Each structure stands twice: as C-alpha cells, then as structure tokens.
Amino acid sequence: MYLKIKGKRYKFNPNKNTLYVIIAIILIIILIFSLNSCNKYNTKIRGEKYENTLVNLPEYQVRPCVAPDGTPTCDYFSIYPPEDGDKVIYLTFDDGPSTSVTPQILDILKKNGVKATFFVLGSQAENHPELISRMAQEGHAIANHSYSHNMTAIYSSPEAFIEDINKARDVIVNIVGEDKYAGVIRFPGGAFREERAEFKEVLLENDIPYVNWNCLTGDSETKNPVSADLYNRAIRSARDSGRDSLVLLMHDAGAKQATADSLPAIIKYFKEQGYRFDVIKRK
Ligand SMILES: [Zn+2]
C-alpha cells in the first residue's frame, strides 16, 4: 500500500496491531473533541437555567438570612450588626395598634421628630387599618408580632407558627404595600427560651428575621403600671445591658396609658445621652 503526500509516494504497510493503535488514537481524539463541545453546550444550558431560576426564585432565596461571615441566621442584629460605638436606640411597641394609646404615641413621636418600630398584631391591624397607614405615612417601621398572639395556638407547631406570621404579614401588606412592610418579626413572648429553637429554624427556612430586646420599661409586667416606674426601668435596664445599641421594649395595647405617659421623658433622656433613634426593617 502506498500513500501519496505532496506528489511523493510513501510506502505504507501497517501490520494489524499498528492499525488497531491508529484506529484507537483516532477514536480517542474524536472522543476528546466531542466531550469538549458537549461541555461547552452544557455550561451554556446550565448558565441559562441558573439565571432563569434566579429570576423565578421567591425574593427570600435571592437575599437569604445570613450574617456578614456567611453563617445562616434569622437574628436581625446578627444579619445587620451594629457598628462599634454607634449609640443608637430602637423604640419598639408591641401588641397594637389600639385606638386609645397608639395615636397618643404617634403624636409624641411626631412632636419629638423620632421614628419607632411597631410590632403590630395582624388582628389589630385588620380592625384599625387607618392607624397602620398613619404609621407608614409618618415614617415608622411596621413589623410583625403575629396575627393572633395566641401563644398556645402559635407555638403548637412550626407550621401553625409560620401560618400565623404570614397571615399578619398579608394584612399589613394589604394596607400599606410590600415596600412599607418592615419584613421583621418579634416572637410573642420573645425568642429567648430554648423551646423557640424549632420556630427559629422555620424562620430561617422562610428567610424571616426576628428581633428580641435588650432593655424594657416593664409595662407588661403589672396591671396598672406607673409612668415614673416605666421611665426608671427603661434607664436602669438600658444601663444594665451595657450596650451602645439599645432595643427598648414597650407596648401600645389599649390598656397601656402609662406607656404613652412615660414616653416623652424616655425620649428626652436618650436624646440627652446622645443616642440616635432608628427603626428596624430589612435593608
Ligand atoms: Zn406581645
């Protein structure tokens, strides 16, 4: 057998084994080429798929609850840690709105040029949507303190818990829209106890941050609190916390007249101490 290359004739007499080797080499080359182009194709398809998935993902999966170091967490202040030396106080009001106390609190906040965070109940918000709208108009954060505040029902299972939380969210969003909803919850009764672990887990799955408190007026501890006592407790507990970043727990439910009465002095004190007032919401 002769091979003709550039006009020259070359003698080519391969034996059987040489032929097998040549065929094997050709097959390997074809295989490498086809794998390579297949890979490029797959990358393209996967890239497109990935982009589509991102577009269709619920928002919480695009911006998950994580600490700056990447650790998954649903604790609000772990996700947004306060800056060192930033003297900031977050005034927070739970269990409202109420027609008797909430408007007084809104008036006091307005007069003092201070913004606060209201952890409202879905059931109360449903009954008084005009107060939720007023909070939004005046620049306060409207956060979620569950729909029913029925602790037996809410903490019966993670499913019951998240259903109640989502029901309250829907009520708030229906009144003020998605952009005015703070997207943060406070557990009824707080989230300090070990038994809340499974409920924190379901918050993490649903990408909902929660907020506790580190100082309080004690306005929910006695039936008929005295405003001076609430003021003193707020200052004492703030000092005891040893923190620059303070989350002050108060309540604006119907019976909390003493809370409204103590608020001007509380604001005055923290202003004099050089605190800035901020609101709690997803950034
Ligand atoms: Zn509560």
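Numbers below:
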read-out: Approximate spin-label separation residue 99-residue 159, in nm, with each point projected 7 Å along Cα-to-Cβ; value: 3.8
read-out: Amide proton proximity set for residue 246, modelled H, under 5 Å, gap of 5+; value: 88, 89, 90
read-out: Stretch gain in nm, segment residue 71-residue 194, where the contour uses 0.36 nm per residue and the Cα spacing is subtracted; value: 42.3 nm
read-out: Magnitude of the charge dipole, the range 76-277, Cβ model with Lys/Arg +1 and Asp/Glu -1, debye to 20; value: 820
read-out: Simple label model, 7 Å out from Cα along Cβ direction - residue 221 to residue 110, nm; value: 3.3
read-out: Rg over Rh [alpha-carbon atoms, Kirkwood Rh] for the range 82-126; value: 1.08
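None of the figures in this text is laboratory data; all of them are computed from the coordinates on show. These figures come from a predicted structure and were not determined experimentally. Quick reminder, even Gly has a Cβ in these numbers, built from the backbone with ideal geometry, and neighbours come from all protein chains shown.
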